[in-house]
Structure formats: C-alpha cells, structure tokens
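Novice: Let me begin by handing over the structure; questions about it come next.
Coordinate-derived values only; no laboratory data. This one's a predicted model, so the numbers in the text were calculated from it and none came from an experiment. Heads up, the Cβs are rebuilt from the backbone with ideal geometry, glycines too, and the neighbour counts pull from every protein chain shown.
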Amino acid sequence: MTSTVEPLVAVVTTDLSAVTRGRFVAESKLQKTATTGVGWLQANLSLTPFNSIVDPNPWGSSGDLRLIPDLKARFRTTHTGSATPFDMVAGDIVELDGSPWLGCTRTMLKNALAELKAATGLSVIAAFEHEFHVADGGFAPAHSMSFAALRRADPFAPNLMAALEEAGVAPEVVIAEFGDEQFEVTHEPADALTAADRAVAIREITRELARNAGWRASFAPKTAPNAVGNGIHIHFSFVDEAGKPVTYDAALPGGLSAKAGAFCAGVLRHLPGITAMTASSVSSYYRLKPHSWSSSYTWLADRDREASLRICPTVTIGGRDPARQYNIEYRAADRHRRTDAQG
Ligand code: GLU
Ligand code: MG
C-alpha cells in the first residue's frame, strides 16, 4: 500500500532585518490554525541575522505568543522545482488573548497605514524592485543587461516568472542587471500590505529556485566589496478614499502634489532614522555611496538614480494619464544577512 506525503504550509513572520521565519503545518490543518494560529515566542525577535541572540535579550527565556495566518496572504506555487509545493502564509503575531503584539512587523505596518489614512485620508500603493546576485551559477561572462546574460541562466528566469505568477505575486519584468551575475525582478503595484507580503514571497521563491538549480541567490547589499550593489527599491504613491491617485499635480515642481511632497519631506527629515531600519548592516554603506546609483545623499530628485527619493518617469504614449502612473521610489533599502547563509 502506498501513502502520499501531505505537503506543508508555513505560517511566517518577517523580522526587522527581513529574515523570514515560521512554523510548518500540514496543508489540511491550515484552516484549523486560522483562528488561534501556531506558537511563537518573544525571544524570536532577539535572533540576529547572524544566528546569535542579542544580549541582553529583553524577554529572557520566558513568554509565549501566537502567530495567526492571514489566509488572504497565502503564496503557493508548484514551480520552484522542489519535491513539494512552495506554500507560505504571512501571519500576525498576537498575545495569547489575541491582542496585537508590539513587536510584530506586519502589525506595525498595518498600524502605520491606518494612522496615515486617519490623518490624511490617503492609502499607500506600493511595489518592490528586488536586485539580487546568483552565486555558483558557473555562468560564462556576459555583457551587462544583455540578451545572453539572461539566457545563460535559462530556464531560471521563465521558471521564476511562472512561480511568481502562480503564487499570486503578479510579476512584471525580470532582467539581467548591470552587475556580473546580477538580476532583478519587479511586481505590479498593490496596496502596501499586499506589496510587503509579496516582497517576502519574491525573495523566498527566488532563493528556492536558485537552490534547486544548485546556486545561491543573494539579496545582500554587497556580495563582494567591488560587486555592484543590490538595492531594494520601494515605489510608492497615494490614493484617496475614492481610490483616485493624488500623488501627481501637473502645476507643481516635478509634478509632485502638495500632500505627497509633505510625505517626502518627512521621509527626508527622518532618513537617518529610517535607514537604521531599511539599510541596517555595515555592508549597506558600501552600497550607499556616490556613483553607485543607489542613493548617496538625502535628497529628492526628478528621475535621478543617485537620489534617496526618485520621482519616477511617466509615459504619455497613446495619451496615457501621468496621474495613474506617477510614483516615488525610495532607494535606500536593502536586506542584510548572515554572511555565510543564503542571502
Ligand atoms: N544597483 C543599484 C542599487 O544598488 C540600482 C541600479 C538601478 O537603478 O537599477 O540600488
Ligand atoms: Mg535595478
């Protein structure tokens, strides 16, 4: 008699340094976990990206929490080349009575979005551009951004796009980037929480595909001192309560509306604090240097890739409406990692 192996689904949370951790349950048990979640603990937030525990760890060895899956944030695909499907659900960390836990990054994001909406009536639309390096691919040298640079990795790129599509990430474009063995993948804009969940799925799906090819994909800001940096560029724009785009105002400099301009001013004002979260490793600052097209100074600029906030281009081909495309790109983000681990 043969029995089939039931696939697992992971309930995950992503910490302040963009490390995604979680617990796995049999797929048929997922519904059952939807109300009370799986066990979690405070000290997990004290784990560093270097697999040590910060000292002092404010929670010591005690304490328990629950990680509740948000079934709307499930990413599943059979296209990563693994024996069982890639299956993950983003979760929210709560206290045992269901009240939000102060250290849950996803709850922090939801609260920030709700506060912005309460203060301004605006919601954030976002999209992530992920650059990454592939190590151990054994690729022949190729020209930057060339046809051959992408084709030498075949079928990595079509498999990646198929996996992201099936997982519901809505991928847009995959490219061979400027750096040796560097690639980039983008997805369609979505509400900010969906975009953040997609970013997690994109990194994990990319890594899993590379792993199954015998390679390593790294999103680290620098994979070697002289390597071209890997940025995570976060595109954002605003819509009002009726869903109308409000980031663009043709009458103002750069086309930046007053409300969006005020938001950008706040980002620039607090950039040193924000980069403590978005570019938090030593190697981040090998990337955030002049002439790296990363973001070397605290400034907003119209279509300049050295800026920390870049006003992105709009296309008027065929009479297309700039207001629907207009967005700002935050370029001072990366994700750091254990130096010897998959990126
Ligand atoms: N690799 C650059 C960075 O570190 C970005 C290059 C580009 O504009 O795509 O952010
Ligand atoms: Mg790029």
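Novice: Run down the aspartates and glutamates and flag those whose C-alpha is under 17 Å from the C-alpha of K29, throwing out any fewer than 8 positions away in its chain.
Specialist: E6, D70, D87
Novice: In the chain, once you exclude exposed trypsin sites (Lys or Arg not before Pro) (DSSP loop, at most 13 other Cβ within 10 angstrom), what's the longest stretch remaining?
Specialist: 1-302
Novice: Just tell me the longest site-free run in the chain, where the sites are GluC sites (Glu not before Pro) in a DSSP loop having at most 15 other beta-carbon atoms within 10 Å.
Specialist: Segment 96-240 is the longest.
Novice: When a/c is below 1.5 the answer is rounded, else prolate if a/b is larger than b/c, else oblate, so apply that to segment 196-238 with a ≥ b ≥ c taken from the square roots of the Cα gyration tensor eigenvalues.
Specialist: Oblate.
Novice: Right, next: Convert 10 °C to kelvin, take the viscosity as 1.306 mPa s, use the Kirkwood radius over C-alpha pairs of segment 1-69 as Rh, and evaluate the Stokes-Einstein diffusion coefficient in µm²/s, rounded to a whole number.
Specialist: 116
Novice: Can you give the Kirkwood hydrodynamic radius for segment 211-343, in Å, rounded to one decimal and based on Cα pairs?
Specialist: 16.2
Novice: In addition: Under 1.5 on a/c is rounded, so check that first for segment 36-103, then, if it is not, pick prolate when a/b is larger than b/c and oblate when it is not; a ≥ b ≥ c are the square roots of the alpha carbon gyration tensor eigenvalues.
Specialist: The shape class here is oblate.
Novice: Could you tell me the extents of the chain's C-alpha atoms along the three principal axes, largest first, rounded to whole Å?
Specialist: Principal extents (Cα only, largest first): 69, 53, 44 Å.
Novice: State the Kirkwood hydrodynamic radius of segment 103-193 in Å, one decimal place, computed from all pairs of distinct Cα atoms.
Specialist: 15.3
Novice: In whole Å, largest first, what are the principal axis extents of the Cα atoms in segment 159-244?
Specialist: 46, 29, 18
Novice: Which entries of K72/K117; K72/K244; K32/K72; K32/K244 have Cα-Cα distances beyond 27 Å here?
Specialist: Checking Cα-Cα distances, K32/K244 exceed 27 Å.
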